[in-house]
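The values are calculated or read from the model by the stated rules, or taken from the named source; none is laboratory data. As the structure is a computational prediction, the values presented were derived from the model and not from experiment. With ideal geometry, Cβ positions are generated from the backbone for all residues, glycine too; neighbour counts draw on all protein chains shown. These accessible areas exclude ligands, DNA and RNA; they are computed on the full protein's heavy atoms, side chains included. Shrake-Rupley method; radii C 1.70, N 1.55, O 1.52, S 1.80 Å.
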Amino acid sequence: MTHKEISHHRLAAQKLLETNPSSPVEIVRHLGAMQAQDYAMAKWAIGSRCEATEAAIEDAINSAKIIRTHILRPTWHFVSTEDIYWMLDLSAPQVKRFTNSAAKKYGYDLNKLDQINLAIEKMLAGNNHLTRDEIMQQLNIKKTSSEHFLSAAIMMNAELDGLVCNGKMKGKQITYALLEERVTRPSIKLTKEEALSKLAKRYFESHGPATLLDFSWWSGFPPTTCKMAINAIELQLNSVEIENQVYWFGKDISYETNFRESIHFLPAFDEILISYKTREALILLEHQAKAFTNNGIFKPIILENGKVIGTWKRTIKKDHAKIETEFFNVTEKEKKTALFAGIQSFENYLGTKIVIE
């Protein structure tokens with residue numbers, strides 16, 4: 001394997017190399033945790049890896065087969081119901097450092113946050129799904145620009161404490177519900193070492209070839225901790241050294257994974273790009289500023305054979321979806337026609353006509 005080939009192997013590991021019969025839940029479980037702050041685009045991150053429609057994925061989320069909550073790094077993720085509790089137990093203590101710090105700026109210490117949790121629990125008991133604004137109204141926290149950050153910190157704290165998660169959508173509004181009313185807490189609890197090993201194995205099998213620092217970035221744990229996790233499972237993984245850097249990957253991904261031509265229109269914040277510390281294997285350094293910003297805003301990307309060649313955006317109209325593209329290099333009309341064939345799966349996913357401009 002060479003550095004040039006890494007992106008192709010990652011496509012295979014992330015179930016992007018070919019049409020996949022997996023269900024939405026199986027895709028999320030395979031990847032461990034999928035970044036999901038952009039809700040509409042995050043659903044397409046699942047849909048681009050299987051044949052499910054947006055409606056089917058929405059149904060899996062509404063029925064709590066897939067949970068959307070804050071986990072790992074301090075941002076939204078999709079996670080499967082069978083993984084939510086052990087992953088929360090593992091990652092919540094480190095992520096809560098950010099939420100606790102944010103809440104303190106508004107005079108909310110741990111005792112006050114615990115009191116808030118009790119109030120939220122009473123509001124949501126009995127499968128009562130409420131939006132953040134509805135919860136804040138009952139807490140007498142005003143809806144202002146500055147208080148928006150307080151409400152976010154309060155709800156993130158409740159998520160990280162395992163109290164709440166996403167509820168059913170209320171129209172286009174996201175709601176919260178009690179986690180234990182949606183997902184039964186398992187009787188067996190993993191040790192921190194067991195959970196770290198499980199997380200590391202899941203990451204390298206679904207995102208490899210990847211490095212120690214890639215796993216540290218994705219998981220939010222420091223490199224020293226990640227190194228111990230890799231040491232514990234290294235016999236269950238394959239590895240290769242490329243340009244003095246060790247890359248780890250699952251046993252199911254072989255060095256000889258067959259190359260095939262591929263085009264992908266992938267969403268903003270997709271795991272294929274965001275889940276690695278360095279991204280030169282997929283996108284040239286000179287183009288990175290066109291695909292993502294220094295403060296962590298990622299655009300939807302166009303991949304050709306595992307390499308990012310441009311960006312795209314969608315606008316949903318009444319009877320169609322408009323797609324606009326921007327390629328990094330001058331692209332001939334004939335090649336564009338071939339590239340646009342890659343948007344067919346998005347048309348099937350949305351269940352509406354695609355118009356390209």
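Would you confirm whether or not the stretch 40-61 contains a residue that is open to solvent by less than 10 Å² (accessible area, probe 1.4 Å) and on the phi > 0 side of the Ramachandran plot?
no
State all residues of the stretch 301-344 that are part of a helix (DSSP H, G or I) and open to solvent by 60 Å² or more (accessible area, probe 1.4 Å); if no residue qualifies, say none.
K333, E334, K335, K336, T337, A338, A341, Q344
Quick one: A102 ticks every box in (1) open to solvent by 30 Å² or more (accessible area, probe 1.4 Å); (2) under 24 Å from S219 (Cβ atoms); (3) within 19 Å of the chain's Cα centre (by Cα); (4) not acidic (D, E) bar one, so which box is it?
Failing condition for A102: (3).
Starting from the stretch 167-178, take each residue that is open to solvent by 20 Å² or more (accessible area, probe 1.4 Å) and list its partners that are of a type in the set (S, T, Y) and part of a loop (DSSP other than H, G, I, E, B), counting only C-beta distances under 9 angstrom and pairs at least six apart or across chains.
Close Cβ pairs (under 9 Å, with a partner that is of a type in the set (S, T, Y) and part of a loop (DSSP other than H, G, I, E, B)) amount to K168/S63.
(1) of a type in the set (D, E, K, R); (2) at pLDDT 95 or above; (3) farther than 30 Å from L17 by Cβ: which one isn't true of D59, the others all being true?
If we test D59 against (1) of a type in the set (D, E, K, R); (2) at pLDDT 95 or above; (3) farther than 30 Å from L17 by Cβ, just (3) comes out false.
Which count do you get for residues in the stretch 203-235 that are buried (at least 19 other Cβ atoms within 10 Å of the Cβ) and under 19 Å from H30 (Cβ atoms)?
So the answer is 13.
Residues of the stretch 195-252 being acidic (D, E) and without any contact (Cβ under 8 Å) to a residue 40 or more places away in the chain, which ones?
E234, E241
Take the residues in the stretch 187-199 that are open to solvent by less than 100 Å² (accessible area, probe 1.4 Å) and either at pLDDT below 95 or among the polar types (S, T, N, Q) (or both); name whichever of them is farthest from L163 (Cα to Cα).
By that ranking, first place goes to S197.
State the number of residues belonging to the stretch 332-357 that are among the β-branched types (V, I, T) and more than 14 Å from W312 (Cα to Cα).
Final tally of qualifying residues: 2.
Could you check how many residues of the stretch 20-39 are surrounded by 20 or more Cβ atoms within 10 Å (Cβ to Cβ) and not in a helix (DSSP H, G or I)?
5
Applying the selection to the stretch 345-357, what residues are charged (D, E, K, R) and in a strand (DSSP E or B)?
Within the stretch 345-357, K353 is the sole residue that qualifies.
Out of I141, I135, I need the residue that is touching a helix residue (DSSP H, G or I) at 6+ places or on another chain (Cβ under 8 Å) and part of a loop (DSSP other than H, G, I, E, B). Which one?
Result of the check over I141, I135: I141.
Looking only at the stretch 65-90, count every residue that is open to solvent by 10 Å² or more (accessible area, probe 1.4 Å) and assigned to a loop (DSSP other than H, G, I, E, B) and tell me the total.
Summing the residues that are open to solvent by 10 Å² or more (accessible area, probe 1.4 Å) and assigned to a loop (DSSP other than H, G, I, E, B) in the stretch 65-90 gives 5.
Go through (1) assigned to a helix (DSSP H, G or I); (2) out of contact with any helix residue (DSSP H, G or I) (no Cβ under 6 Å at 6 or more places or on another chain); (3) free of Cβ contacts under 8 Å to residues at least 60 places away in the same chain for I120 and report which single condition fails.
Checking I120 against (1) assigned to a helix (DSSP H, G or I); (2) out of contact with any helix residue (DSSP H, G or I) (no Cβ under 6 Å at 6 or more places or on another chain); (3) free of Cβ contacts under 8 Å to residues at least 60 places away in the same chain, the one that fails is (2).
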